[in-house]
């Protein structure tokens with residue numbers, strides 16, 4: 001269980017002074033959920049993920065994982081980035097074993113797990129290959145194996161398929177859903193692609209920008225069972241509806257933006273902000289809000 | 001080869017006086033006699049020992065200092081300018097001070113060698129470490145790496161290509177400093193053979209020693225640095241780019 005409680009995060013930039021990336025953000029992710037965080041760029045979704053990963057510290061509030069406050073990164077939360085970030089001086093197998101070595105996992109166990117997870121991501125034939133010999137999609141497969149090898153219950157993914165060609169992306173999308181179903185991991189997946197979010201997530205959380213707030217929170221699993229496909233009519237339709245809702249809240253934001261200082265915090269958050277779009281998405285889903 | 005033959009022919013024709021610029025055959029004879037009487041092998045052994053010790057000291061110190069400069073702002077602000085400035089100083093300028101501090105000893109020569117090669121390794125390490133993609137460090141931290149292992153298993157390996165180019169440069173600087181030191185300060189080694197050759201007006205001997213130095217340089221390059229470099233290129237895949 002991941003709990004984000006009234007978290008605030010500000011960044012100091014040389015050109016624009018202090019910007020709030022997150023303000024009073026609260027959010028709960030239950031065990032075994034596949035949550036997709038979607039939103040326009042700059043909406044703070046990556047910041048949120050980094051806070052859960054422990055790569056950044058919140059200025060206000062607290063992030064808790066399994067009830068314990070996050071104090072830094074840890075092997076209980078596997079992380080994948082948009083760039084695979086594999087180490088070029090290590091072979092594929094050594095990359096997968098990196099974290100296990102760090103945690104002093106015994107050699108035999110390390111080798112067994114390296115093999116197991118390379119098999120799982122269909123890269124077993126590449127164990128001894130150098131990183132530079134892999135394609136982008138293969139690198140992300142290895143990065144996935146590397147994250148899974150530490151057997152975390154939580155997987156945090158920051159637009160991991162964003163830089164891939166459509167074919168590799170589609171393949172990796174079905175595999176991550178399959179791995180999720182099989183291993184019952186909790187996954188938080190950040191993307192700016194609404195169709196990808198709807199295709200993957202059991203739950204889609206739409207954020208609006210600066211400071212980020214939850215605009216819509218949709219239980220996709222209840223309506224659209226897996227396997228889904230990005231080109232599937234229902235997926236496309238729901239993605240379009242959510243996007244429409246987001247644009248509406250975006251305008252809302254722009255109007256409010258002029259009186260930014262002061263009473264901003266008292267604004268009835270999700271209700272007003274998410275309003276139209278959320279209701280529309282909910283109508284479409286046949287729910288009543 | 002043709003160049004050597006032309007040089008030999010020109011010498012025999014008497015285009016210049018042989019004691020100014022000796023012929024290849026005279027150099028060959030001098031080299032041979034130097035090898036047979038043991039003076040050249042002994043010189044090589046003495047110089048190489050100093051070179052290797054001084055270079056290893058520079059390597060350890062240079063990598064350490066470079067790492068410190070890259071990661072600590074205070075260190076950079078206090079030592080950064082000194083390092084850049086001293087890098088421009090030919091290390092032989094340290095000889096008078098080294099003689100004062102260490103006397104006519106092995107340490108004085110080693111000091112000059114270290115002064116010659118330390119900073120090029122430092123500067124290369126610093127730039128390599130500063131250019132390590134922060135994402136590598138973030139990824140490693142999510143896998144539980146921190147403290148010393150983060151440096152040993154991520155930051156230094158990631159900076160290796162740059163450190164290697166500094167090591168190469170450091171090696172040639174160490175050679176130059178050593179030869180200058182041995183020329184000026186009589187204490188055995190190849191530099192001293194050069195100095196005695198000069199005093200005796202034996203240019204064939206001087207050039208024989210130069211041949212020995214060039215050969216040593218080529219051998220270390222081919223046996224050591226070329227291999228390391230090829231390995232790094234293979235692993236990183238930089239030979240394709």
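The values are calculated or read from the model by the stated rules, or taken from the named source; none is laboratory data. Bear in mind that the values here come from a model prediction, so they are computed numbers and not experimental data. Glycine gets a Cβ as well: all are built from the backbone with ideal geometry, and neighbour counts include every protein chain shown.
Quick notes on this structure:
- Elements of the type strands (runs of 3 or more DSSP E) sitting completely within the stretch A:9-114 and holding at least 1 residues that are within 26 Å of residue A:162 (Cβ to Cβ) and over 16 Å from the mean Cα position of the chain (by Cα): these cover A:17-29.
- Some residue of the stretch A:168-188 being in contact with a strand residue (DSSP E or B) (Cβ under 7 Å, 6 or more places away or on another chain) and more than 22 Å from residue B:140 (Cβ to Cβ): yes
- Residue among A:47, A:28 that is within 14 Å of chain B (Cβ to nearest Cβ) and in contact with a strand residue (DSSP E or B) (Cβ under 6 Å, 6 or more places away or on another chain): A:47
- Across the stretch B:124-136, the qualifying residues are those that are within 13 Å of chain A (Cβ to nearest Cβ) and crowded, with 17+ Cβ neighbours inside 10 Å, and the one among them that is nearest to residue B:112 (Cα to Cα) is B:128.
- Residue within the stretch A:30-39 that is within 18 Å of residue B:138 (Cβ to Cβ) and either at pLDDT below 90 or out of contact with any helix residue (DSSP H, G or I) (no Cβ under 7 Å at 6 or more places or on another chain) (or both) present: no
- Residue within the stretch B:11-24 that is more than 20 Å from the chain's Cα centre (by Cα), surrounded by 12 or more Cβ atoms within 10 Å (Cβ to Cβ) and either at positive phi or in contact (Cβ under 8 Å) with a residue 24 or more places away in the chain (or both) present: yes
- The condition of being more than 12 Å from chain A (Cβ to nearest Cβ) and either assigned to a helix (DSSP H, G or I) or under 30 Å from residue A:53 (Cα atoms) (or both) holds for only one of B:187, B:165, that being B:165.
- Set side by side, the residues A:78, A:99 differ, and just one is within 10 Å of chain B (Cβ to nearest Cβ), under 21 Å from residue A:186 (Cα atoms), touching a helix residue (DSSP H, G or I) at 6+ places or on another chain (Cβ under 6 Å) and at pLDDT below 95, which is A:78.
- Residue B:223 vs. criteria exposed (fewer than 14 other Cβ atoms within 10 Å of the Cβ) and either within 14 Å of chain A (Cβ to nearest Cβ) or within 30 Å of residue A:133 (Cβ to Cβ) (or both): yes
- Among the residues of the stretch B:148-155, some residue qualifies, meaning at least one is in a helix (DSSP H, G or I) and at pLDDT below 90.
- Exclusive hit being at pLDDT 90 or above, over 29 Å from residue B:187 (Cβ atoms), in a helix (DSSP H, G or I) and in contact with a helix residue (DSSP H, G or I) (Cβ under 7 Å, 6 or more places away or on another chain), set B:57, B:51, B:67, B:79: B:67
- Every residue from the stretch A:127-166 that is farther than 20 Å from residue A:78 by Cα, within 14 Å of another protein chain (Cβ to nearest Cβ), free of Cβ contacts under 8 Å to residues at least 40 places away in the same chain and in a helix (DSSP H, G or I): A:133
- When residue A:28 is tested against the conditions (1) crowded, with 16+ Cβ neighbours inside 10 Å; (2) free of Cβ contacts under 8 Å to residues at least 60 places away in the same chain; (3) under 19 Å from residue A:204 (Cβ atoms), the lone failure is (1).
- Filter result for the condition that a residue is within 14 Å of another protein chain (Cβ to nearest Cβ), over 30 Å from residue B:138 (Cβ atoms), surrounded by fewer than 20 Cβ atoms within 10 Å (Cβ to Cβ) and more than 15 Å from the chain's Cα centre (by Cα), over B:230, B:195: B:230
- Selection count where residues are surrounded by 24 or more Cβ atoms within 10 Å (Cβ to Cβ) and more than 15 Å from the chain's Cα centre (by Cα), scope the stretch A:144-160: 3
- Candidate set from the stretch B:195-210 (those that are in contact (Cβ under 8 Å) with a residue 40 or more places away in the chain and touching a helix residue (DSSP H, G or I) at 6+ places or on another chain (Cβ under 6 Å)); member that is nearest to residue B:183 (Cα to Cα): B:209
- Residues that are without any contact (Cβ under 8 Å) to a residue 12 or more places away in the chain and out of contact with any strand residue (DSSP E or B) (no Cβ under 7 Å at 6 or more places or on another chain) were ranked within the stretch A:51-92; the one that is surrounded by the most Cβ atoms within 10 Å (Cβ to Cβ) is A:89.
- Qualifying position, being out of contact with any strand residue (DSSP E or B) (no Cβ under 6 Å at 6 or more places or on another chain), touching a residue at least 60 places away in the same chain (Cβ under 8 Å) and in a helix (DSSP H, G or I), among B:141, B:176: B:176
- For the residues B:217, B:237, the requirement of being surrounded by fewer than 21 Cβ atoms within 10 Å (Cβ to Cβ), over 20 Å from residue B:121 (Cβ atoms) and either more than 14 Å from chain A (Cβ to nearest Cβ) or without any contact (Cβ under 8 Å) to a residue 40 or more places away in the chain (or both) singles out B:237.
- Among the residues of the stretch A:171-205, the ones that are surrounded by 21 or more Cβ atoms within 10 Å (Cβ to Cβ) and under 22 Å from residue A:11 (Cα atoms) come to 2 in all.
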